[in-house]
Structure formats: structure tokens, C-alpha cells
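Participant: The structure's right below; bear with me while I get my questions together.
The numbers here are math on the coordinates, done by the rules we state, and not lab data. Predicted model only: the values in this text are computed from it and were never measured. A quick note on method: Cβ atoms are made from the backbone with ideal geometry, for glycine too, and the neighbour counts reach across all protein chains shown.
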Amino acid sequence: MRILNFGSLNIDHVYHVDHFARPGETIAAHSFELFPGGKGLNQSIALARAGAAIYHAGKLGHDGEMLKEILDKNRVNTDYLEKADEVCGHALIQVTNQGENSIIIYGGSNKTITEDFVDSVIRDFGREDMVLIQNEVSCIGYIARKCAERGMRIAFNPSPLDEELLKSFPFELVSLFVVNEIEGHGLTGKEETHEILDALMIKYPDSAVVLTLGNRGAVYRDKAHTYTHGTYDVEVVDTTAAGDTFTGYFLGCLSAGNSIPECLRKASVASSLAVSREGASSSIPTMDEVDKALHTLRYNPYKG
Ligand code: RIB
């Protein structure tokens, strides 16, 4: 199975701070670094590192050459990347000493994806393939409808969740949701883990859901099965892209034929390793690192 990721490509501007800037406050950062990022790019790299045949479709800004280079270096197919006459999507990220982050994104070139561009990409994909979408590029409702018409399965990470998405996205077409608690709450209005899962299964009975719960673990549910998995002990340095690493590894392992419990296990190890390192895509481990860590990291049971 090939995976087509219609995803964002961002340049992350990362500032280390003592605390997030409050309204009206000016604070000085301890350090500043540029990293390749974007939920789309991060997930493509995690998919590639998990062994998937991954094709990234998207729009780069005129300043985005380094983003293509990092995808190429990681063996992500970049035949469906185009350049837009715009600045690249970018993110302003504050990271605290505790590794927490606060992110502002500017869509830039990611928002220049058009229906014509989507049509020109998806004619090369079909029912054997899966499309992965997040909410950082334009036309995602159109992408979902057209891919569904071609018989492709749809994996959706509805991040960041906003009102426009809730109003207009065809959620009923999704085969696999990967959501965190905030997104799960936004989609269902529910707070508790089991309530979110029950509500999603009532609304979308033919879909599967992976709900990530940060340092409490993750749970998979479809109409016949529920599987849970805990987390691994690491020193938290930067949580940026932990969710992207989980999503990419889960799908990558699934596409390689692993069982759901094995996909959860590898995705959990990979995202634990990612939070122990700085940056977004640069924090994503290789499969070798994941395999080694499976035997060395201390496991904390699921606490849903
Ligand atoms: O999920 C982390 C990503 O969110 C960052 O890389 C940033 O670019 C934003 O898209």
C-alpha cells in the first residue's frame, strides 16, 4: 500500500523561553533555532522511517528548498511537490524548560493548494492506496471527497482543529482518525476517554480511531476491537511533533502489515524518543532506534 500525504511544509522558528509570553508581556528567549517542520512534513518523515512507501504532495514557498532536501534525504517521494509564488508556511514555537510548546502557524504556500493541483496528483493513485490529511493545507475537504471517489482509504489527523473544519469537512469519509484529547473533545463535546471513543464510534461506526493521551498512553478502537498501550520513561526535552511521530509510525507500521498492538507499541516508543530530543522532524527516531529502545526503555502501563 502506498500512502499519499497531502500535507504542510513549514519552517519552524523555535525559541527557548522560561515561560510562554503572556498578554502584554515582552520576554527574551535563551536561544533560537530553525528546524524543518509542519505536521505534514513531520508525519511523512515518520512514515518513511517506519518503512512506508510515502508520497508527499504539497506546495513549497520560494524559501523552502531545505524542506524538499530533508524529504528527499529521508526517502520520501517528492514528485508531487510544487513551488508557489509565496513564502513558505512557517511556525513560531516557544519551548519552555519543561519541554512544553506553544505554536503559531502561518499557512503561506500551504494554503495555495487548489482543486486543479489535487486532481493532477490523485489521478496517479487508486483503491490500493491510502491518503493522509491534516488541517494545515487548503482544499482538504475536496481532497477527501476526490480520494474517496477513487476508492482510496482516508486517514485523518484533524490538527489543528478549528470551527471551519468542523463545519465543512466530510468526516463520514474517514477510515482512520488519529486524534488527541483536545481534538477528540472538539469532535464530540465529551471529556472522558471512554466517552470520546463511544461518541466517535456512534458518529462514525465504520471508522477506526486512535486516541492519544500524552503521558497516559494511547487507545485504538474500531467496531470489533479495543487495544491500549502505555508510554515509556524518557527525560522530556521538547514535545513538538510527538503527535506527528506517533501518527506517522502508527500508519507506517500498519502499511507494513504489523498488528494493531504492534503499531501502537512502535508508535509509542517512537513518540517517547521524539520528546526526548529537540525540534520537530529532527526529533523523529529511525526504526533501528525504536527497535533498540523497545528493549531498554522502562514501560509505564496505560492510564486511560
Ligand atoms: O506538530 C508540530 C508542528 O506543528 C510543527 O512542526 C509546526 O510547524 C506546526 O505545524
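Participant: How high is the relative contact order of the chain? Use alpha-carbon pairs under 8 Å, at least six apart in sequence, and give a whole percent.
Facilitator: Computed value for the chain: 18 percent relative contact order.
Participant: With +1 assigned to the C-beta of every Lys and Arg and -1 to the C-beta of every Asp and Glu, and no other charges, what is the dipole magnitude of segment 150-262 about the Cα centre in debye, to the nearest 20?
Facilitator: Taking the Cα centre of segment 150-262 as origin, the dipole is about 500 debye.
Participant: So for I154, I103, fewest C-beta neighbours within 10 Å to most, what's the order?
Facilitator: Fewest to most other Cβ atoms nearby, the residues stand as I103, I154.
Participant: Also, quick follow-up: If you place +1 on the Cβ of every Lys and Arg and -1 on the Cβ of every Asp and Glu, how big does the dipole about the Cα centre of segment 194-257 come out, in debye to the nearest 20?
Facilitator: 260
Participant: Can you give the alpha-carbon Rg of segment 71-221 over 2.2 N^0.38 Å, where N counts its residues?
Facilitator: Taking the Cα Rg and dividing by 2.2 N^0.38 Å, one obtains 1.13.
Participant: Now for a separate question. Averaged across orientations, what area in nm² does the convex hull of the alpha carbons in the chain project?
Facilitator: Over all viewing directions, the chain projects a mean Cα-hull area of 15.1 nm².
Participant: Right, something else. Please give the net charge around N77, taking every other residue with its beta carbon less than 13 angstrom from that of N77, where Lys and Arg add +1 and Asp and Glu add -1. Spell out each step's value before the answer.
Facilitator: On the way: positive: R2, K68, K73, R75; negative: D72, D79, D124, D129.
That sum, taken over residues with Cβ under 13 Å, equals 0.
Participant: Rounded, prolate or oblate, given the Cα gyration tensor of segment 168-241, with a/c below 1.5 counting as rounded?
Facilitator: In terms of gyration-tensor shape, prolate.
Participant: What number, rounded to the nearest 500 deg cm²/dmol, is the helix-based mean residue ellipticity at 222 nm of the chain, given -39500 (n - 2.57) per DSSP H run of at least four residues and division by all its residues?
Facilitator: After summing the helix terms and dividing by residue count, I get -10000 deg cm²/dmol.
Participant: Right, something else. Strictly over 18 Å apart at the Cα level, which of K39/K303; K39/K203; K39/K111; K167/K203; K39/K68 would you flag in this model?
Facilitator: K39/K303; K39/K203
Participant: Let me ask something additional. Given axes a ≥ b ≥ c from the Cα gyration tensor, I'd like to know whether segment 185-225 is rounded (a/c under 1.5), prolate (a/b larger than b/c) or oblate.
Facilitator: oblate
Participant: Can I ask one more? Rg to Rh ratio, segment 3-96, alpha-carbon atoms and Kirkwood radius? Let's see the in-between values first.
Facilitator: On the way: Rg = 15.2 Å, Rh = 14.2 Å.
Here Rg/Rh amounts to 1.07.
Participant: In addition: Mind putting a number on the dipole of the chain about its Cα centre? Charges go on the C-beta only, +1 for Lys and Arg and -1 for Asp and Glu, and I need it in Debye to the nearest 20.
Facilitator: 800
Participant: Here's something else I'd like to know. Could you tell me which of I122, H194, A208 has its Cα farthest along the dipole of segment 94-213 towards the positive end, charges placed at Cβ (Lys, Arg +1; Asp, Glu -1), taken about the Cα centre?
Facilitator: I122
Participant: Related question: Taking the Cβ of D129 as the center, what net charge do the other residues with Cβ under 15 Å away carry, scoring Lys and Arg +1 and Asp and Glu -1? Before the final figure, lay out each step's value.
Facilitator: Working: positive: R2, R123, R127, K146, R150, R153; negative: D79, D124, E128, E149.
Charge balance in the 15 Å sphere: +2.
Participant: Report for the chain the percent antiparallel among DSSP-assigned beta bridges with both residues inside it, nearest 5.
Facilitator: 45
Participant: Among rounded, prolate and oblate, which fits segment 95-136 when a ≥ b ≥ c are the square roots of the eigenvalues of its C-alpha gyration tensor, a/c under 1.5 means rounded, and a/b larger than b/c means prolate? It would help to have the intermediate numbers written out before the result.
Facilitator: Details: a/c = 6.14, a/b = 2.04, b/c = 3.02.
In terms of gyration-tensor shape, oblate.
Participant: Now, a different point. Pick out which of G217, G107, G24 has the largest mean-square fluctuation in a Gaussian network model of the chain, springs linking Cα atoms closer than 10 Å.
Facilitator: Most flexible of the set in this elastic network: G24.
Participant: Another question about this same structure. Can you put T188, T114 in order of Cβ neighbours within 10 angstrom, beginning with the fewest? Don't skip to the end; give the middle numbers.
Facilitator: Numbers: T188 17, T114 13.
Least to most surrounded, the residues fall as T114, T188.
Participant: If you don't mind, there's one more thing I want to ask. Fewest first, what order do V269, V87 take by the number of other Cβ atoms within 10 Å?
Facilitator: With the fewest neighbours first, V269, V87 line up as V87, V269.
Participant: Dimensions of segment 229-285 along principal axes (Cα, Å, largest first)?
Facilitator: 31, 21, 13
Participant: For q values of 0.13, 0.22, 0.24 Å⁻¹, compute log₁₀ I(q)/I(0) with the Debye formula on a Cα-only model of segment 9-63, without solvent.
Facilitator: Rounded to two decimals, the profile gives -0.51, -0.88, -0.94.
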